[in-house]
1. Based solely on C-alpha atoms, express the radius of gyration and the Dmax of segment 230-324 in angstrom.
2. From zero up to wherever the largest Cα-Cα distance of segment 17-98 sits, split into 5 Å bins and tell me the percent of pairs in each.
3. With respect to the cross-link table entries 63/134; 262/300; 108/284; 262/321; 221/300, which display a Cα-Cα separation exceeding 21 Å?
4. Taking only Cα atoms, what is the 0 to 90° angle, nearest 10, from helix 46-55's long axis to the longest principal axis of the chain?
5. Please rank 260, 272, fewest neighbouring Cβ atoms within 10 Å first, as an exposure proxy.
6. Measure nothing but the geometry: give the 0 to 90° angle between the long axis through the Cα atoms of 18-28 and the longest principal axis through the Cα atoms of the chain, rounded to 10°.
7. Taking the number of other C-beta atoms within 10 Å as the exposure measure, put 178, 85, 301 in order starting with the fewest.
8. Neighbouring Cβ atoms within 10 Å as the yardstick, rank 118, 284 fewest first.
Amino acid sequence: MPLDTDARVQQNSMRFDFNKAVADARRDFPAATKQITFFDLDAPDVEAQMQKFYDGLSPAAKKNVDEIRVDNPDFLTARSNPVAWRSLEGVGIMTAYGTRTHLSDVEKIAYNPTEAAKHLQYTFQHELGHLVVKNADRAGNYAEHAADAFAVLRGFQSSFLTRQDVKEISDGRSMLGWLNCDVTHITSMSLDALIINPKQRDFMSLTPDETAKVAARHAEKFSTDYEPGSLRTILNALPRWGLSTDDRRAEGLNGLANVVMKTERGSLSFYVAARMLLTAKGKKDAGDPNLAVMDFSGDKWDKVFERIDRAKKSRDIGAEKALSTGHVKKQKSAIHRLALRVKPLSV
């Protein structure tokens, strides 16, 4: 019987096992994880573990991870944020939470905080993606696309994530881009493409190495590095931090509206801006109290959303059409052997 990635497998009993996730990572990516030390940030002795790891590093390597030294004033920052890091010599760390989710106030607006196991699994796989996907261990939008795409594929394969879950993650990435003025983590384009998947690419049967390669190809296709100028276009549309929260958010919406009205409908910049606006308006229309002060009424906004609607005739912005039809299923054929030769899908 085909395995449907939208089936809610063990919804009520699903648990995230940090130690098993580490064992799976080492089994699936032995070379990439050979010199990686994994830290469960919820372990009672994690601070002692991190200090011991730090003490064992070479002087050169210590300079790159000084924030994990317990007596460093910045230690608490490292202590409270999942991260993946690797030195030029290959020695590295990966930290993630084992039992709890830790969402900031802004993240609680963007994400559903009630499904803890999925957040834990997704975060772990995202950080692992930074270590195992080609060039994902560097800073930038490509690396975040690669890590997010990898986490989604691993989530499908382990039955932790449905396509609707990925839609919510993609919505959250879109919202955080606007709320936090964070262009580095805007990854909705490749996440939406993974949901859309009209070729029914057999993600479920990809090997670990194939999974990493598909994630890299999605990142190459959909990151803002791919379209010269798109990152700056979106960054310039978003406000700086000197304004009040409400003014900053309102100014950001206006900037994104300008992008929608002034860029080509087929551009990456248009997609990113339209995706953010659709997500924000959708949450407001759904009664999200955090967005109550946002105002999408008036002739200006009518024109903005009319232009987005015209674009949606040829682009599935937000993967709305994809979620209303069909499912991604496991095939019995060797279709996954063809997956790596198929050009990543356009959204």
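What follows draws every value from the coordinates through simple rules; no lab data is involved. In this text the structure is predicted, and so the values were computed from the model without any measurement. Counting neighbours? That spans all protein chains shown, and the Cβs are built from the backbone with ideal geometry, glycine included.
1. When restricted to the Cα atoms of segment 230-324, Rg and Dmax are 13.2, 41 Å.
2. Reading upward from the zero bin: 3, 15, 27, 26, 18, 9, 2, 0.
3. On the way: 63/134 24 Å; 262/300 13 Å; 108/284 15 Å; 262/321 25 Å; 221/300 32 Å.
Going by Cα-Cα distance, 63/134; 262/321; 221/300 fall outside the 21 Å limit.
4. Compared with the principal axis, the helix lies near 70 degrees.
5. On the way: 260 23, 272 28.
Taking fewest neighbouring Cβ atoms as first place, the list is 260, 272.
6. 90
7. 301, 85, 178
8. Working: 118 21, 284 17.
Ordered by Cβ neighbours within 10 Å, fewest first: 284, 118.
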